[in-house]
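Novice: Mind looking over this structure? Questions follow.
The values are calculated or read from the model by the stated rules, or taken from the named source; none is laboratory data. Note that the structure is a prediction, hence the values are computed from the model and not measured. So basically every Cβ, Gly included, is an ideal-geometry build from the backbone, and we count neighbours across all protein chains shown.
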Amino acid sequence: SDITSLTVSPSSSQMFEEDSVSLSCEEDDSSAGWTLRRNTTRDTRTQCGAGWGEPAGSSCTISFTATWDSGVYWCESREGATSNTINISVTGGPVILQSPVLPVMEGDDVSLHCKTKTPPSNLTAAFYKDGSLIRTEPTGHMTIHHVSRSDEGLYKCHIGSHGESPPSWITVTGKPTTTSPPTPPSTFATPSLPASLPASIPPSLPTLFLLLFSGVVLLVVVVLLVLLVRQCTQRKHKG
């Protein structure tokens with residue numbers, strides 16, 4: 001019920017060093033006390049204001065980003081509920097790829113912008129997906145119309161006279177099949193860096209009861225059979 005979503009402004013997962021970025025927990029319930037946390041190569045689960053960022057309510061601003069600000073960011077409530085995660089990559093390089101931070105819905109259009117640290121920011125750029133050239137755009141802007149699942153992947157761009165951007169993953173989600181909204185889980189697992197593999201799912205209680213009951217029945221049948229065999233052999237001896 002108290003699920004929040006994390007947004008980032010400017011809406012880009014890549015940024016240059018010394019850029020300013022603002023992260024906000026869009027909350028339904030301000031009493032839940034959402035704080036912004038991050039995992040980077042330097043720190044784990046540290047909240048905004050604890051050595052990084054300037055908190056203001058449920059928002060956080062990093063005025064001058066550095067490469068060590070690269071990592072996974074999320075909102076967390078006092079109860080431990082967490083929002084979606086956002087990956088942020090701060091580069092010391094000359095080129096970034098501005099792409100959607102949040103997953104894109106199937107059928108939507110996606111805009112990509114290949115940008116240099118120094119103006120002009122509308123130079124000819126080559127766009128790549130999973131290492132293969134898609135196409136070259138004269139102004140550094142590329143739109144993918146009506147995205148499908150096959151458009152999901154790792155994107156980067158290259159501006160001849162400047163260099164290459166870091167890669168960014170673009171996620172494409174399927175359109176919801178039902179008209180009724182999905183019920184969100186009350187809490188999510190704390191995001192980890194890197195993502196760990198899911199543990200094996202434990203058997204449910206009904207399954208355990210069924211197994212136990214079957215075991216007991218089997219044991220009773222075996223005991224009865226043993227008794228029956230013994231009785232038969234005793235009768236034979238008497239006879």
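Novice: Restricting the range 26-81 to residues that are aromatic (Phe, Trp, Tyr) and not in a loop (DSSP other than H, G, I, E, B), which is surrounded by the most Cβ atoms within 10 Å (Cβ to Cβ)? Step through it out loud before you land on a result.
Specialist: Initially, the range 26-81 is screened for residues aromatic (Phe, Trp, Tyr), giving 34, 52, 64, 68, 73-74.
Then keep just the ones that are not in a loop (DSSP other than H, G, I, E, B); that gives 68, 73-74.
Values: Trp68: 12, Tyr73: 26, Trp74: 23.
Filtering the range 26-81 for residues that are aromatic (Phe, Trp, Tyr) and not in a loop (DSSP other than H, G, I, E, B), the one surrounded by the most Cβ atoms within 10 Å (Cβ to Cβ) comes out as Tyr73.
Novice: So which residues in the range 135-146 are crowded, with 16+ Cβ neighbours inside 10 Å and free of Cβ contacts under 8 Å to residues at least 12 places away in the same chain?
Specialist: Those that are crowded, with 16+ Cβ neighbours inside 10 Å and free of Cβ contacts under 8 Å to residues at least 12 places away in the same chain: none in the range 135-146.
Novice: For the range 86-120, give me each residue that is at negative phi, in a loop (DSSP other than H, G, I, E, B) and at pLDDT 95 or above.
Specialist: Once the filter is applied, which keeps residues that are at negative phi, in a loop (DSSP other than H, G, I, E, B) and at pLDDT 95 or above, the range 86-120 yields Gly92, Gly93, Pro94, Ser99, Glu106, Asp108, Asp109.
Novice: While we're on this one: Yes or no: the range 188-204 includes at least one residue that is outside any helix (DSSP H, G or I), at pLDDT below 70, β-branched (Val, Ile, Thr) and touching a strand residue (DSSP E or B) at 6+ places or on another chain (Cβ under 7 Å).
Specialist: yes
Novice: Which residue is surrounded by the fewest Cβ atoms within 10 Å (Cβ to Cβ), if the candidates are limited to the range 121-134 and must be assigned to a loop (DSSP other than H, G, I, E, B) and touching a Gly at 6+ places or on another chain (Cβ under 6 Å)?
Specialist: Asp130
Residue-wise test of (1) at pLDDT 95 or above; (2) assigned to a loop (DSSP other than H, G, I, E, B); (3) over 30 Å from Thr91 (Cα atoms).
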| position | (1), (2), (3) |
| --- | --- |
| Thr143 | yes, no, no |
| Cys157 | yes, no, no |
| Ser161 | no, yes, no |
| Pro176 | no, yes, yes |
| Thr179 | no, yes, yes |
| Thr183 | no, yes, yes |
| Ser186 | no, yes, yes |
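Novice: Quick check on my filter: what residues within the range 5-25 are in a strand (DSSP E or B) and crowded, with 16+ Cβ neighbours inside 10 Å?
Specialist: Start the filter on the range 5-25 by keeping residues that are in a strand (DSSP E or B), which leaves 5-9, 14-16, 21-25.
Result: Leu6, Thr7, Val8, Gln14, Met15, Phe16, Val21, Ser22, Leu23, Ser24, Cys25.
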